[in-house]
Amino acid sequence: MAINLQKGQRISLTKDNAGLSKIMVGLGWDPVAQGGKGLLGSLFGGGAPNIDCDASIFMLDANNKIRSKEDIVYFGNKVHKSGSVQHMGDNLTGDGEGDDEQIMIELAKVPQDIAKIIFVVNIYDCIKRKQHFGMIRNAYIRIVNLADNQEMIKFNLTEDYSNKTALYVGEIYRHGGEWKFAATGEGDTTSGLGEMVNKFK
């Protein structure tokens, strides 16, 4: 049975899961219903563009730095050079049940000089489209053990992220000989992936 975490909580992934190696990190969200009702909704059919949330992965060294653009895994660079992290593709709308984007990680293959893997989500073209994370709901991150397809951890982001255009959702990091997960859930007002990356240079 999955452990539900609250913001700020940390938990070991490997302490009670000897041999854990291949995991799936799923991220999901749903758009808040907008338009479609009332006079304006009926005239313009809702009209608002879909909210395109993009999940990305930052692989950091022991100094919390991104050393190379190759250590950023996203829809434009889906596989890390080590083969340890693979982004399974971009969902453009967030509609539908289940995970919207998935990342596969093979912990044993993560290079030893990578100390932390951060999961972030930003809204594509958020300034032009005047969109923010107050316009989505039911956001979460979960981790599944691919050896038995059992969900290990789930973190539901329940805060109001109105006017936030970027989210630092969670992170997996080395601690001694273990891999741990931290539920971060921090919102930010950076407007794109490039600005988020700059925080770790």
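Within region 22-35, restricting attention to residues that are surrounded by fewer than 16 Cβ atoms within 10 Å (Cβ to Cβ) and at pLDDT below 95, the residue that is nearest to ILE118 (Cα to Cα) is VAL32. Within the bounds of region 38-53, is there any residue that is surrounded by 13 or more Cβ atoms within 10 Å (Cβ to Cβ) and either modelled with pLDDT of 90 or more or farther than 24 Å from ASP125 by Cα (or both)? No, region 38-53 contains no residue that is surrounded by 13 or more Cβ atoms within 10 Å (Cβ to Cβ) and either modelled with pLDDT of 90 or more or farther than 24 Å from ASP125 by Cα (or both). Apart from one condition, GLY134 fits all of (1) in contact (Cβ under 8 Å) with a residue 12 or more places away in the chain; (2) surrounded by fewer than 17 Cβ atoms within 10 Å (Cβ to Cβ); (3) assigned to a loop (DSSP other than H, G, I, E, B); the exception is (3). Do we have any residue at all in region 88-100 that's part of a helix (DSSP H, G or I), at pLDDT below 90, more than 12 Å from the chain's Cα centre (by Cα) and β-branched (Val, Ile, Thr)? Checking region 88-100: not a single residue is part of a helix (DSSP H, G or I), at pLDDT below 90, more than 12 Å from the chain's Cα centre (by Cα) and β-branched (Val, Ile, Thr). Quick one: count up the residues across region 152-201 that are touching a helix residue (DSSP H, G or I) at 6+ places or on another chain (Cβ under 7 Å) and either within 22 Å of TYR124 (Cα to Cα) or surrounded by fewer than 18 Cβ atoms within 10 Å (Cβ to Cβ) (or both). The number of residues fulfilling the criteria is 11.
The values are calculated or read from the model by the stated rules, or taken from the named source; none is laboratory data. Everything numeric in this text was worked out from a predicted model, so none of it was measured. For neighbour counting, all protein chains shown are included, and Cβ atoms are generated from backbone atoms with ideal geometry for every residue, glycine included.
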